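Below is one structure, written out as structure tokens; comments come after it.
The values are calculated or read from the model by the stated rules, or taken from the named source; none is laboratory data. Note that the structure is a prediction, hence the values are computed from the model and not measured. All Cβ positions, even for glycine, are placed from backbone atoms using ideal geometry, and neighbour counts span all protein chains on display.
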């Protein structure tokens, strides 16, 4: 069961790596975005492929299972992403307000 799940996860990660590369080719994000996402996917492959190796280290952190480590890392990435999405929305809102004011003043 564990081996089948590992294979399924690795296939999913390779698929996401492919989608990341396609998005980069379509210029949906820049070089920094590509590096960030590729590091995330490569790190995920390493964690999935060598989870038995990480059991030694996670026990020292008082984490019982490798899955718990995955969950902690995923939540950290989720909150990190949420913070930057929130920041981007605030920045875009300010730009729209400035543009709206500029257009309103120009039309008077």
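A few remarks follow.
- Every residue from region 66-76 that is at pLDDT 80 or above and surrounded by 12 or more Cβ atoms within 10 Å (Cβ to Cβ): 68, 69, 70, 71, 72, 73
To keep it simple, each residue is scored yes or no on (1) touching a helix residue (DSSP H, G or I) at 6+ places or on another chain (Cβ under 9 Å); (2) modelled with pLDDT of 90 or more.
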| position | (1), (2) |
| --- | --- |
| 2 | yes, no |
| 6 | yes, no |
| 11 | no, yes |
| 31 | yes, yes |
| 34 | yes, yes |
| 44 | yes, no |
| 47 | yes, no |
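- Residue in region 11-26 that is outside any helix (DSSP H, G or I), at negative phi and surrounded by 11 or more Cβ atoms within 10 Å (Cβ to Cβ) present: no
- The numbered conditions (1) outside any helix (DSSP H, G or I); (2) touching a helix residue (DSSP H, G or I) at 6+ places or on another chain (Cβ under 9 Å) are all true for residue 62 except (2).
- Check on residue 4, under 16 Å from the mean Cα position of the chain (by Cα) and in a helix (DSSP H, G or I): no
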